[in-house]
Amino acid sequence: NYAPEHLKHAWFSSPGFAFYGVQRELLVGSYSSLVASLGIALLVLFLTSGNLFIAFYALVTITFAIAVSIAIFAALGWELGIVEAIIVIMSVGLSVDFTVHFGVAYIHTNEKDIHHVRRIVAKKYADKILMKKTNVLSINDNGEGDNCLEFEVEQPSPRQSSPTYRQLLGEHQAERETRVHESVARVGSAVFMAAFTTFAAGFSMTLSSLTSFRQMGQFLMTIMLTSYVFATFFFLPLCAIMGPVGNCGSIPFNTICTFFKRCCSRRRSL
């Protein structure tokens, strides 16, 4: 608009503009692909765990791990290119593995262990309530005299049948800790060895003279370190504090499948 009249239809080119479109598509496509990958990861997490809360916690964990990994790449002096864009997109798939293992193990904890812990907590709180409701009676051996025998008589409490808020809170916290402990006992060693072997493979690639191989090795080392740290020291403590208990947030896939099977069988019979 502000160019002179004889330059309004002018144009110019430069060899530096050759990859401008490619760089623009890489910048836009990397972020859009990252968001799409996170959405697909959320769906996979929900289908594998069957719990809304576990899927959401895992998505938050993966997002933090990817954000820290990208920050480390920027600190290493990486610039966005074709290899870097592929690495950013691959980071979601490699970060989701450890969190999925811990989440599924948390959900599929042995019910006998959970019921055992709940009974222990309920008995502890029931004993506390009964001790508060005791009456001390003094009885003489022959009804008279100073020598008295004191004993406690437990009076039944009207609230004994329904658990109190503190009892439920203690049972839920004990269940969360039991689930986390069994999750670590089941898959903790397997997750650590998977992270260690992949980290070692990435370290061997960093010794290469090719830039693409060296960057891929740095990527594997970084993503394994961040994903394992966040899955172990963020996801598990989050489940120990705010994890779902019982059937909270779980989708009854077995019931839904059984219902659809019955509907299909009825239609065929008709």
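Numerical summary
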| read-out | value |
| --- | --- |
| Cα pair distances exceeding 24 angstrom across region 1-119, given as percent | 51 |
| Difference of contour (0.36 nm per residue) and Cα-Cα distance, H6 to L210 | 68.4 nm |
| Förster radius 22 Å - calculated FRET efficiency between L52 and K261, Cβ distance, rounded to 0.05 | 0.35 |
| Net length gained if the chain between S32 and V44 were fully extended (0.36 nm per residue, minus Cα distance) | 2.5 nm |
| Listed peptides 232-239, 100-107 by packing density, highest first (mean Cβ within 10 Å) | 100-107, 232-239 |
| Using a Förster distance of 25 Å, the FRET efficiency for S13-L80 (Cβ separation, nearest 0.05) | 0.60 |
| Region 1-63: projected area of the alpha-carbon convex hull, averaged over directions, in nm² | 7.6 |
| Neighbourhood net charge (14 Å Cβ-Cβ; Lys/Arg +1, Asp/Glu -1) for I66 | -2 |
| Label point distance in nm, E111-M90, each placed 7 Å from Cα along Cα→Cβ | 4.3 |
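Values quoted throughout were computed directly from the atomic coordinates according to the rules given, and no laboratory measurement underlies them. Nothing here was measured: the structure is a model prediction, and the numbers come from that model. Note: ideal-geometry Cβ built from the backbone for every residue, glycine included; neighbour counts use all protein chains shown.
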